Amino acid sequence: MTITESINNLNPAPPRVAGLPVLGNALDFLNRPMEFFVESYHKYGPIFRIQVLNQKFVILGGLEANRFLAKAPDEMFSSKPLFGGFAEEMNAPSSIVALDGEQHRHMRKVMQRGYSKSGLSPHLNNMAQITYQTAHAWKPGEIIFARDAFQRLVTEQLGTALANHSASEYFESIRYYLGTLLAVLVMKTQPRIILSMPRFKNARQKVMEFAQIVLEEHRQPGSEHDPDLVDDLLAAVDWNGDPFKENDLLAATIGPFFAGMDTVANTMGFMMYALLKHPEVYNAIEKEVDEHFADGIPSYQELPKLQTLYAATIETLRRYPVAGFSPRGAMQSFDFAGHHVNAGENVIFVNGLTHFLPEYFPDPWNFDIQRYIPPRREHKQGQGVFAPYTLGSHTCLGAGIAEVQLMVSVGALIRAARLELERPGYELKVRQMPIPGPDFNFKLRVTELRNM
Ligand code: HEM
């Protein structure tokens, strides 16, 4: 298969996936998107069209599609159709997710250090402590709703590590505000009217109050903390050379929650499920963390040397990609794999589709950590094969943080408590909410409290 470099209007449009009258492909798209895309890829090839009620999308998936996205010039695809509404709602034109081109590159540079693994480095022990305290507030026999518990944990860790401020008091508001924005403005699965309702307005006010407090604390001369993302934002200028506007600073201060809360918490849920279904892996991780977490958390450079914990983290990101789709607006016409796409069309790159192709990951729906242990090393097969953080200009800026946070949190949780599935035969249901995550009713039982 080759990517056509020159534009050829005579190339046919991508094939349309058969669907129902009116609904089109809505049911498959909303309920089992990855399975649907993988099936359609095998049937129609690496580019096809779908219809979801009155919306039309061109879907691209597979290795060539990932590499196409990776090398696409900045002006070809825009994130604005996806995240522009979010930036508008916050009146924050510098929101990194909604920018493209030069302005976007500038914002990434400003935020690079704050979102890096090394920036997180002084906070690893603290992240583990938050996990230990969470686990030790539970009682043996208690049933835990995993999604809720992990969201709280991850939010608290992100607040402490990236803004040097606890977010626990504001958790409910942050969750409701961001979840509603995602559903209404990004995924468009809920009506806009929700944004004018008192519950949303109250949540918004609380979230802004939190961000304002964080900014004020960082503005105090002599405030003593390890430099973080907010310090970098306050010291930086926008692409015109002016200090950032207050709304941009507020939006950027809550950015880590927007980007990390659901992604990390959902992945953590998937990981705990997979480990409890594979007790030999769970037990091996317990042994590793008992040995290596006893005197504090290893450095981020050392963490991947805990081979089982690392392999299980990578396998969870592969098998359960929570951000396996990258929606974009086509700003220019382009040709791909012999098909023509017009400027203005809505495109979704299914960056996670390669994770389910047996030529790269044999028996792809099976959770198997041996994939990453030499000599297999299936995540190192070249650009675009393992792609949980997507590719191209908007590649996850917090990918390093995500992996370290997952390893520290799951490792510390396993060290602090013994957990089991509420029902031994439980089979996980995945909910799109709006990104894939374990069903709200995914429950764990605490059987024993262990070390701290
Ligand atoms: C399992 C965890 C995570 C996954 C799978 C993930 C995945 C992704 C993906 C696929 C994107 C691109 C979205 C798009 O443009 O369509 C993205 C963007 C981003 N992520 Fe993550 N993410 C994770 C966790 C985090 C964390 C913990 C942070 C920071 C606290 C973070 C910060 C960001 C930022 C700032 C962007 C915007 C980058 C840009 O637009 O240039 N992510 N993430």
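Things to note:
For (1) open to solvent by less than 30 Å² (accessible area, probe 1.4 Å); (2) of a type outside the set (Phe, Trp, Tyr); (3) modelled with pLDDT of 95 or more; (4) under 20 Å from the mean Cα position of the chain (by Cα), each residue gets a yes or a no:
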position: Phe356; (1), (2), (3), (4): yes, no, yes, yes
position: Asn366; (1), (2), (3), (4): no, yes, yes, no
position: Val385; (1), (2), (3), (4): yes, yes, yes, yes
position: Thr390; (1), (2), (3), (4): yes, yes, yes, yes
position: Ala399; (1), (2), (3), (4): yes, yes, yes, yes
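- Pairing residues of segment 66-92 that are under 17 Å from Asn342 (Cβ atoms) and in a helix (DSSP H, G or I) with residues that are open to solvent by less than 10 Å² (accessible area, probe 1.4 Å) and of a type in the set (Phe, Trp, Tyr), at Cβ distances under 9 Å and at least 6 apart in sequence or on separate chains, gives Phe68/Phe334; Phe68/Phe336; Phe68/Phe349.
- Of the strands (runs of 3 or more DSSP E) contained entirely in segment 271-357, those carrying at least 2 residues that are among the aromatic types (Phe, Trp, Tyr) and away from the ligand (no atom under 16 Å from the Cβ) fall at 334-336.
- Residues of segment 68-116 that turn out to be closer than 17 Å to Ala163 by Cβ, near the ligand (Cβ under 9 Å from one of its atoms) and open to solvent by 20 Å² or more (accessible area, probe 1.4 Å), as a count: 2
- Residue count for segment 250-269 under the criterion of being farther than 17 Å from Ser168 by Cα, buried (at least 24 other Cβ atoms within 10 Å of the Cβ) and of a type outside the set (S, T, N, Q): the result is 4.
- Checked against (1) farther than 18 Å from Gln151 by Cβ; (2) not in a loop (DSSP other than H, G, I, E, B), Cys396 passes all but a single condition, namely (2).
- Criterion: without any contact (Cβ under 8 Å) to a residue 12 or more places away in the chain and either open to solvent by less than 30 Å² (accessible area, probe 1.4 Å) or of a type in the set (S, T, N, Q) (or both) - qualifying residue of Gln332, Gln307, Gln301: Gln301
- Any hit, segment 227-249, residues being part of a helix (DSSP H, G or I), among the basic types (Lys, Arg) and either farther than 22 Å from Leu153 by Cα or open to solvent by less than 60 Å² (accessible area, probe 1.4 Å) (or both): no
The values are calculated or read from the model by the stated rules, or taken from the named source; none is laboratory data. Small disclaimer: the values here were computed from a predicted structure and weren't measured. Ideal geometry is used to build each Cβ from the backbone, glycine not excepted, and the neighbour counts take in all protein chains shown. Only protein heavy atoms, including side chains, enter the accessible area calculation; ligands, DNA and RNA are left aside. Shrake-Rupley method; radii C 1.70, N 1.55, O 1.52, S 1.80 Å.
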